[in-house]
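Please treat every number below as a calculation from the coordinates, not as lab data. All of these numbers come straight from a predicted model, not from anything done at the bench. Glycine gets a Cβ as well: all are built from the backbone with ideal geometry, and neighbour counts include every protein chain shown.
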Protein chains: 2
Amino acid sequence: MKHLPDKTVERLSQYRRSLSNILNTGKTHIFSHEIANLLHITPVQVRRDIMLIGYTGTLRKGYDIADLVALIGRIIDSDPGQRIAIVGMGNLGKAIIHYLHEIRSRLQIVAAFDINPDKIGKTYTSVLCYPMEQMEEVIAREEIRIGIITTPPEVAAAVASELIHAGIRGILNYTPKPLNVPDDVYLEEYDMITSMEKVAYFAKEG
Amino acid sequence: MKHLPDKTVERLSQYRRSLSNILNTGKTHIFSHEIANLLHITPVQVRRDIMLIGYTGTLRKGYDIADLVALIGRIIDSDPGQRIAIVGMGNLGKAIIHYLHEIRSRLQIVAAFDINPDKIGKTYTSVLCYPMEQMEEVIAREEIRIGIITTPPEVAAAVASELIHAGIRGILNYTPKPLNVPDDVYLEEYDMITSMEKVAYFAKEG
DNA sequence: AGGAAATTGTTATTTTTTTAACAAAGGATG
DNA sequence: CATCCTTTGTTAAAAAAATAACAATTTCCT
Ligand SMILES: NC(=O)c1ccc[n+]([C@@H]2O[C@H](COP(=O)([O-])OP(=O)(O)OC[C@H]3O[C@@H](n4cnc5c(N)ncnc54)[C@H](O)[C@@H]3O)[C@@H](O)[C@H]2O)c1
Ligand SMILES: NC(=O)c1ccc[n+]([C@@H]2O[C@H](COP(=O)([O-])OP(=O)(O)OC[C@H]3O[C@@H](n4cnc5c(N)ncnc54)[C@H](O)[C@@H]3O)[C@@H](O)[C@H]2O)c1
């Protein structure tokens, strides 16, 4: 499969989550306009996204929910599910670990790292916190491919370098400091302040 | 000023934050390519964004940092700064309040709401937590225009209705449940799982 | 002074994303 | 059995965003 558009991947992730919930209700098929209603987008967009991943529903019956969920799973995460490390076990880091554990996704945080001796060796929602010195070894051993950064912004760039050096392939940066990474490492950044200021601006305008 | 593109508003927010930091160093002017380097984007994009807000730099000297920061401020937030309420004082809610306080932005969280009696009446990083019943009154009194939702997903829709009923103009939803709001309320949603799955997908592909 | 280099502001082009349009399939209805 | 309705898959058009191109101006250098 060629590479999917950015936005399509985002929506696929959302489709899967909504559809997974519906599966439990016993419903087996769903129409594009029903999916669209769940996410408040248009049916065309849904059909187009589904077309891009090569799935095809049945006319007048819609899409087989279980099949679609399974296919999106195979596309988004590799088969056993992705293994993740998180660096910086402060407020945000702990909240994220807790959240991910509770939501039971196929994404799994399998290691935490920090420099604070009070945190090292502790377990947070069943994830053990290691010292930074063991990063390379742990990431290799646990086959971790993705890193989340929730340290103070001043050290974000250094942490990113260490992660990359340890062999990570993708980084999710929650620090407000924009990072610079090599082309073969995928970087996603999110800053809450930007979101809030965006709301502030557009709420003002109408 | 006509309405700015979505993405431009996001970048303006980032420009302001980076430039504010630089102001403290005594530097007074900056070139488009310097700004671009800070955020790892292209100089053209910077110039274009700045053009859109009607600011103009001086040739061969670049942009006056203080002026630009002030102008972006006038554009993004109304003059005294925006007042925000947050609903749901769990892990994420507390982390956000703490973060916003520490970063000292012009955005100000001035009220928190929860249903848990243990949390009501408490103060989190100097923000008082009110019971849900007082929402309408507090939002009016404090002139709050923006609401952040960090409750469990099951109650997100109900909370959004209450916020809107109380007169809020913009909502930032951190719950994984997509919301439906009237046209005159601006809605921004963010789900960490989607970000992580996006990284998972693109880290795999290369 | 005159030419070269740097840097902005703006228009043009390309790429990406969304939205619309519509033919084809299949079932439902009478 | 013929017709009508619904829903998919796909192509076409439109809108939004990013990138490139480049003229105009200022400073710098000789
Ligand atoms: N709290 C939020 O809601 C929030 C929101 C958006 C962004 N952020 C950003 O996320 C980051 C973390 O926020 P927080 O509130 O959790 O901060 P925090 O201070 O509570 O946590 C930071 C953690 O990083 C650890 N750390 C410090 N230096 C380190 C290093 N060199 N290597 C490894 N670990 C190190 C600290 O020991 C601490 O545990 C900050 O950059 C903040 O700006 C936070
Ligand atoms: N923790 C994270 O990092 C994280 C990340 C992404 C999304 N989320 C989402 O953010 C939300 C909050 O996460 P959390 O970890 O802070 O959960 P949490 O359970 O710690 O906090 C939820 C809070 O909401 C309050 N609440 C419950 N019902 C309410 C109601 N009807 N009105 C007002 N308040 C109510 C609870 O008393 C509690 O204080 C969840 O929807 C979660 O899925 C969390």
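Could you tell me whether the range A:83-194 comes out rounded, prolate or oblate from its Cα gyration tensor? Rule is a ≥ b ≥ c as square roots of the eigenvalues, rounded for a/c under 1.5, then prolate if a/b exceeds b/c, otherwise oblate. The shape class here is rounded.
Label points for B:E136 are taken 7 Å from Cα along Cα→Cβ. From this copy to the others they lie 6.4 nm apart, shortest first. Largest GNM mean-square fluctuation among A:M196, A:M132, A:M51, using chain A with Cα springs under 10 Å: A:M196. Loop-located chymotrypsin sites (Phe, Trp or Tyr not before Pro) in the range B:142-192 (DSSP state other than H, G, I, E, B) with a sparse environment of at most 14 neighbouring Cβ atoms within 10 Å: B:Y190.
Position A:H3: other-copy label points at 3.2 nm, ordered by increasing distance, label point 7 Å along Cα→C-beta. Separation of the range A:83-149 from the range A:159-206 is 18 Å, based on Cα centroids. With a Förster radius of 30 Å applied to the C-beta separation of A:K122 and B:T123, the computed FRET efficiency comes to 0.65.
Taking trypsin sites (Lys or Arg not before Pro) across the range B:25-55, the ones in a DSSP loop with at most 15 further Cβ atoms lying within 10 angstrom of their Cβ are B:K27.
Remark: the protein assembly as shown is approximated by an ellipsoid whose semi-axes, taken from the C-alpha gyration tensor as √(5λ), come to 32, 28, 25 Å, largest first.
Antiparallel beta bridges, as assigned by DSSP with both residues in the protein assembly as shown, represent about 20 percent of the total such bridges.
Distances, shortest first, from the label point of B:R60 to those at the same position in the other copies read 7.6 nm; the point lies 7 Å along Cα to C-beta.
For the range A:6-76, rounded, prolate or oblate, judged on the Cα gyration tensor with a ≥ b ≥ c (square roots of eigenvalues), a/c < 1.5 rounded, else prolate if a/b > b/c? Walk me through the intermediate numbers first.
Numbers: a/c = 1.26, a/b = 1.15, b/c = 1.09.
Taking the square roots of the gyration eigenvalues as a ≥ b ≥ c, the range A:6-76 is rounded.
Residue by residue along B:182-193, Cβ atoms of other protein chains within 10 Å of the local Cβ number 5 on average.
Once you have a ≥ b ≥ c as the square roots of the Cα gyration tensor eigenvalues for the range A:58-141, tell me rounded if a/c is under 1.5, and otherwise prolate or oblate according to whether a/b is larger than b/c.
Details: a/c = 4.51, a/b = 2.48, b/c = 1.82.
The shape class here is prolate.
What separates the Cα centres of the range A:50-76 and the range A:1-45 is a distance of 9 Å. Taking the DSSP bridge list for the range A:115-197 and keeping only pairs wholly inside it, about 20 percent are antiparallel.
Axis-proximal residue of chain A for the rotation onto chain B, reported as residue and distance in whole Å: A:A95, 3, based on Cβ position. When you filter the chymotrypsin sites (Phe, Trp or Tyr not before Pro) in the range B:24-104 for DSSP loop state and at most 16 other Cβ atoms inside 10 Å of their Cβ, you are left with B:F31, B:Y55. The three principal axes of the Cα atoms in chain B give end-to-end lengths of 60, 46, 33 Å, sorted in falling order.
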